[in-house]
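Report on the following structure.
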Amino acid sequence: MNVLIVHAHPEPQSFTTALRDLAVETLQGLGHQVQQSDLYAMNWNPVASAADFTERANPEYLVYALEQREGVKSDRLAADIRGELDKLLWADLLILNFPLYWFSVPAILKGWIDRVLVSGICYGGKRFYDQGGLAGKKALVSLTLGGREHMFGEGAIHGPLEDMLRPLLRGTLAYVGLEVLPPFVAWHVPYISDAARGDFLRAYQARLQGLEQDAALEFPRLEQFDERLYPRTHPL
Ligand SMILES: Cc1cc2nc3c(=O)[nH]c(=O)nc-3n(C[C@H](O)[C@H](O)[C@H](O)COP(=O)(O)OP(=O)(O)OC[C@H]3O[C@@H](n4cnc5c(N)ncnc54)[C@H](O)[C@@H]3O)c2cc1C
């Protein structure tokens with residue numbers, strides 16, 4: 001399988017980076033092909049702007065998603081976006097590896113999502129959820145965080161982690177058609193012992209070794225909705 005790891009941590013000695021390194025080593029050891037995008041090391045530009053197109057279909061007024069569509073058709077996407085898109089289209093599995101920032105992804109990773117998941121390939125029209133442009137590929141989110149495990153879940157102070165990650169798991173990854181595997185989470189990372197962090201590394205390795213047996217999370221399928229995207233059970 002071809003794997004793209006998109007990694008977003010500014011410190012090469014961080015625990016999150018150790019998870020990335022372990023994933024590369026483990027997946028290559030299993031015979032998979034691995035490419036990486038180390039966003040801080042690449043000095044990735046996260047800001048979606050008019051500069052993302054070498055020529056504009058409409059130079060007067062920027063509608064970013066429409067320019068993405070035209071840019072795809074006419075090969076007018078900026079070189080850094082095209083490079084990432086090629087890696088993404090090559091991959092059978094996308095791994096996003098990051099520390100949780102404000103219940104979300106670091107800005108540099110959000111900017112990778114904004115600029116690389118282009119309309120016209122990844123989504124657009126009724127090309128979403130199971131009909132999304134990346135259907136047939138899988139995604140795994142691997143994250144570290146400061147909070148403790150008991151702070152997440154039904155009735156817990158922060159609520160379920162899957163609710164917190166909904167914009168990413170559902171609104172982004174599932175939306176573009178990826179089969180989203182349950183996230184791998186390393187809790188309370190800065191405050192635990194080296195040995196406890198070692199346990200997370202071993203658990204992640206075991207998870208990666210068994211990845212092909214993992215059941216994906218459930219998301220809507222377009223067949224459950226009518227032409228106007230009302231649920232088929234909706235009263236007429
Ligand atoms: C802007 C911002 C917003 C945040 N928002 C949230 C939030 O909403 N919710 C939340 O819960 N947390 C939040 N945090 C906390 C953040 O998610 C955690 O601090 C981060 O995930 C910890 O991971 P790290 O890789 O940065 O750890 P690091 O601090 O890099 O590493 C922790 C320790 O692990 C050690 N280590 C490195 N490699 C290894 C190894 N191979 N084996 C064992 N130990 C190793 C390091 O030396 C270090 O001592 C936020 C932090 C920031 C900066």
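The values are calculated or read from the model by the stated rules, or taken from the named source; none is laboratory data. Quick caveat, the model's predicted, so the values are computed rather than measured. Quick reminder, even Gly has a Cβ in these numbers, built from the backbone with ideal geometry, and neighbours come from all protein chains shown. In case anyone asks, the SASA skips ligands and DNA or RNA and just uses the protein heavy atoms, side chains included. Shrake-Rupley method; radii C 1.70, N 1.55, O 1.52, S 1.80 Å.
Averaged per residue, what accessible surface does the chain expose to a 1.4 Å probe, in Å²? Could the numbers behind the result be given before it?
Working: 12010 Å² over 236 residues.
Per-residue accessible area for the chain comes out at 51 Å².
Taking the mean number of other Cβ atoms within 10 Å as a proxy for protection, how do you rank 40-48, 147-155 from highest to lowest? Present the calculation step by step, with values, prior to reporting the outcome.
On the way: 40-48: 14.6, 147-155: 12.9.
The densest-packed peptide leads the list: 40-48, 147-155.
Figure the gain on full extension for Leu217 and Asn2 (residue separation times 0.36 nm, minus the Cα-Cα span) and round it to one decimal in nm.
Values: separation 215, 0.36 × 215 = 77.40 nm, distance 2.10 nm.
That pair, Leu217 and Asn2, stretches by 75.3 nm at full extension.
Enter the angle in degrees (range 0 to 90, nearest 10) between the Cα long axis of helix 15-29 and the first principal axis of the Cα atoms of the chain, meaning the one along which they spread out most.
Taking the Cα atoms of the chain, the angle to 15-29 is about 80 degrees.
Among residues other than Leu229 whose Cβ falls under 15 Å from its Cβ, what is the net charge (Lys/Arg +1, Asp/Glu -1)? Each step should come with its number before you reach the end.
Numbers: positive: Lys126, Arg127, Arg221, Arg228, Arg232; negative: Asp130, Glu223, Asp226, Glu227.
After counting each charged neighbour, the total is +1.
If you build the Cα gyration tensor of region 2-224 and take the root of 5 times each eigenvalue, what three semi-axes come out, in whole angstrom, biggest first? Don't skip to the end; give the middle numbers.
Working: eigenvalues 182, 74, 62 Å².
Computed over region 2-224, the values are 30, 19, 18 Å.
All other residues with a Cβ under 12 Å from the Cβ of Leu22 taken together, and with Lys, Arg as +1 and Asp, Glu as -1, what is their net charge?
On the way: positive: Arg20, Arg197, Arg202, Arg207; negative: Asp21, Glu25.
Neighbourhood net charge equals +2.
Can you order the peptides 88-94, 74-80 by their average number of other Cβ atoms within 10 Å per residue, highest first?
Details: 88-94: 18.4, 74-80: 14.4.
Per-residue mean Cβ counts within 10 Å order the peptides as 88-94, 74-80.
How are the C-alpha pair distances of region 176-215 spread across 5 Å bins, as whole percents from the shortest bin up?
The distribution over region 176-215 is 6, 21, 24, 18, 14, 10, 5, 2, given as percents.
What FRET efficiency, computed as 1/(1 + (r/R0)^6) with R0 = 22 Å and r the Cβ-Cβ distance, is obtained for Ser104 and Ile157, rounded to the nearest 0.05? Please report the intermediate quantities before stating the final value.
Numbers: r = 17 Å, r/R0 = 0.79.
E between Ser104 and Ile157, to the nearest 0.05, is 0.80.
Using helices alone, what [θ] at 222 nm do you get for the chain, with -39,500 (n - 2.57) per DSSP H run of 4 or more residues, divided over all residues and rounded to the nearest 500? Mind showing how you got there, number by number?
Numbers: 6 runs with 68 residues, N = 236.
After summing the helix terms and dividing by residue count, I get -9000 deg cm²/dmol.
Once the other residues with Cβ under 12 Å from the Cβ of Leu85 are scored (Lys, Arg +1; Asp, Glu -1), what is the net sum?
On the way: positive: Arg82, Lys87, Arg115; negative: Asp52, Asp75, Asp80, Glu84, Asp86.
Computed value for this residue: -2.
Students often get this wrong: which residues of region 125-150 have the backbone nitrogen under 19 Å from the point 7 angstrom along Cα-to-C-beta of Arg228?
Under 19 Å, as judged by backbone N against the label point of Arg228, lie 126 of region 125-150.
Treating the Cα atoms of region 159-236 as identical point scatterers in vacuum, please give the log10 of the normalised Debye intensity I(q)/I(0) at q = 0.11, 0.13, 0.23, 0.24 Å⁻¹, two decimals.
-0.46, -0.59, -1.15, -1.17
Calculate how steeply helix 64-74 sits against the longest principal axis of the alpha-carbon atoms of the chain, using the helix alpha-carbon long axis, and give the answer as 0 to 90 degrees to the nearest 10.
Roughly 80 degrees between the two axes.
What percent does the relative contact order of region 2-224 come to when contacts are Cα pairs within less than 8 Å and at least six residues apart?
Values: 353 pairs, mean separation 49.5, N = 223.
Relative contact order for region 2-224 comes out at 22 percent.
Please report the carbon-and-sulfur percent of the accessible area for the chain; probe 1.4 Å, protein heavy atoms only, DNA, RNA and ligands left out.
Details: 6220 of 12010 Å².
Using a 1.4 Å probe with all protein chains present, the chain comes out at 52 percent carbon and sulfur.
If I stretch the segment between Ser14 and Ser193 completely, what's the gain in nm (0.36 nm per residue apart, minus their alpha carbon distance), one decimal?
Details: separation 179, 0.36 × 179 = 64.44 nm, distance 1.42 nm.
Net length gain for the segment: 63.0 nm.
Helix 79-90: angle to the longest alpha-carbon principal axis of the chain, degrees 0 to 90, nearest 10?
70 degrees
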